[in-house]
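The structure appears below as structure tokens.
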Amino acid sequence: MSQQRINDEHVFYAVHNMIARPPDTNHTYRPVIRGTHGAISAGHYLAAQAGYEILRAGGNAVDAGVAAGLVLNVVKPHMANLGGEAPIILYDPRRGEVLNIDGLGWWPAAATVEYFQRVHGGKLPPGGTAAGVVPAALDAWLVALARAGTMDVEDVFAPARHCAAEGFPVYEAYADYHAGLGEDFFRDQPTTAEVFAPGGRVPRPGEMLRQPKLAALLDVVMREARRHRHRGREAAIEAARDFFYRGEPAAAMARYCGQTGGLMTREDLAEYRVRCEPPVVARVWDHEVYVCGPWSQGPVIAQALRLMEGLDPARLPHNSPEYLHLVLETLKAAFADREAFYGDPQFVDVPMEALLSEAYVAERRAFVDPERAWPGLPPPGRPNGRRGWEQTAAAQEAGAAGGGGGGNGPAGASGAGDAAGDTTYLCVMDAAGTIFSSTPSGAGDLVPELGIAVSIRGRQSWLEEGHPSSVAPRKRPRLTPNPALVLRHGRPVMGLGTPGGDVQVQAMYQTLLNLLVFDMDAQEAVEVPRVVTYSMPISFYPHKANPGWIAVEESLPPETIAALERRGHRVRIWPKMPRKSSMCVVRRLANGVLEAGADIRGESYALGW
């Protein structure tokens, strides 16, 4: 290729990403997917294919979503393990209800702040099983299937079992992730390296990776369901669940934790159940946005949307400096409340209704200065006059110094989230209007007999007494994964979500604004450039903060970036389309046509017909 051709292409792509996108044209790297029978967008093309085939076979969106989620547990085992989490939010048109399944494990009964102070020097260990929580993904998949699916366990488990037994072609992100772990991976996680890097070498892209132990586990779970099928579909699903949490798999997990310094016991596993709790709802722009409860960071989206609605973003050009400043400042106000109030509602009285009340939202909106950025987070509010946990400015600065702040900007903070490498996403919608939205997650040391991880999700807890998300027996960590869905006057509209740690709610918030305010199609809504704040303490231990720092994608115009700096934002520029989140959206248009978009920032892929 000639140098002139290279230069011409460089100019084309630079202009392509900087110009305003006319509303009557589509400038996306991928086409939007449309159909009338079903649509799926998932974090890997094999998962999208599995869900698509279930839909074609007559399953509904829940059947397809569970099948796709299980495939993600196989093809992205470092991002979403069957031993990890699977928060789900779904709409069942048969009952006209939104069901939120937490899909989140609790701390073992022996876990206390005092224990970690005494045994681990007041720290949460970075790896191993000491920060392990009870595996929740399998229970979540099976509860969703029982409550709102139509197919049997064998039908929806078969694609994942095939991928585990026959293998899948390794892809670039998988190879890059494990190669980047270096020699420490083989030394610190020998049971995991044995499976994910067989023979002491990370597989190259295009080579096959097989997981025979995981295939065997799926086989026996399917067998248990089949043995009890004569008792009825729901009884068969419950039998499969009980086998995992009370049978030999539970014994193997408890043994491994006991041998490696973990706290989880057979009693912790036997007594565990996922919780189905009411979702949080934000009514904005004539729509109802449903997010996970305050055991997750999901309500950040609801709070930010409520704040933004009263600021009338439609009056501003999309991704203009004025608009992006409001996006960042409304997020910071919501994050301040996240730190002050969010935690497991079984242990913490979270004033969620007050946080979304008209009076409180108006009060918090006054903290958003359209011309000047807060130097860090604003102080948290006082819903109903109540004071929450408050991180002082001094503590924020101390966190920034320890987390790569100062001249390095948000690199250290973003690294804290990215290093966990443990989330993906999928959403499905069928012609009847069923919506399935889930953010599978979880990574950690593999239990040798089972081929699944002991999730280290406990690292999203705090060791400060009084913090709403501090460690406690049988308490859930405050989870970053948080799927969402949208209705309009009670009728199904869309499901959406993404991986990305603390970036998740920020990407979802901006995508929702793209769809609800700026009327983009699903593909454009997930592709346009985004901005991210790192002023808040990162959800992963040790919870470093980078006050005032933001990250922007380099495809934003230089004058926009300069204008954000003039407003007081400390800017770090990310490459175009950074691998910091990978949004997926499925939605139903007014005429009933289904539409799906898949972000090119990751391996996400959409299918429909």
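The values are calculated or read from the model by the stated rules, or taken from the named source; none is laboratory data. Remember, it's a predicted structure, so these values are computed and weren't measured experimentally. Virtual Cβ from ideal backbone geometry, glycine too; neighbours counted across all protein chains shown. Ligands, DNA and RNA are stripped out before the accessible areas are found, and what is left, the full protein with its side chains, is counted by its heavy atoms. Shrake-Rupley method; radii C 1.70, N 1.55, O 1.52, S 1.80 Å.
Annotations
- A straight Cα-to-Cα reach below 29 Å connects Lys76 with the lysines Lys123, Lys213, Lys475, Lys544, Lys576, Lys580, residues fewer than 8 places away in its own chain not being considered.
- The alpha carbons of the chain stretch over 64, 56, 55 Å along the principal axes, in descending order.
- Of the DSSP H helices in the chain, those with a Cα length along their own long axis of 24 Å or more and a mean Kyte-Doolittle hydropathy reaching -0.5 comprise 321-341.
- Rg/Rh for the range 190-303 (Cα atoms only, Rh after Kirkwood) is 1.11.
- Rounded to 0.05, the FRET efficiency of the Trp609 and His162 pair, given R0 = 25 Å and the Cβ-Cβ distance, is 0.70.
- Probe 1.4 Å, accessible area per residue of the chain, Å²: 35 Å²
- Neighbourhood net charge (10 Å Cβ-Cβ; Lys/Arg +1, Asp/Glu -1) for Cys292: -2
- At R0 = 56 Å, FRET efficiency that the Cβ-Cβ distance of Arg226 and Ala366 yields, to 0.05: 0.40
- Treating each Cα of the range 298-375 as one equal point scatterer and applying the Debye formula with no solvent, the log10 of I(q)/I(0) at q = 0.14, 0.15, 0.27 Å⁻¹ comes out as -0.46, -0.52, -1.35.
- Electrostatic tally near Gly381: other residues with Cβ closer than 11 Å to its Cβ, Lys and Arg +1, Asp and Glu -1, net +2.
- Simple label model, 7 Å out from Cα along Cβ direction - Arg474 to Glu248, nm: 3.0 nm
- q = 0.22 Å⁻¹: log10 I(q)/I(0) that the Debye formula gives for the range 482-609, counting C-alpha atoms only: -1.31
- Annotation: average projected area of the range 115-154 is 4.4 square nanometres, based on the convex hull of Cα atoms across all directions.
- Shape call, the range 81-200: gyration tensor on alpha carbons, a/c limit 1.5: oblate
- Most positive-pole-ward Cα, Gly69, Leu269, Pro547, against dipole of the chain from beta carbon charges: Leu269
- The share of accessible area on the chain that comes from carbon and sulfur is 52 percent, using a 1.4 angstrom probe.
- Of the residues Tyr171, Thr511, Phe244, the one whose Cα sits farthest toward the positive end of the charge dipole of the chain, with +1 on the Cβ of Lys and Arg and -1 on the Cβ of Asp and Glu, is Phe244.
- Charges were assigned to the Cβ only: +1 to each Lys and Arg, -1 to each Asp and Glu. The resulting dipole of the range 143-222 about its Cα centre is roughly 60 debye.
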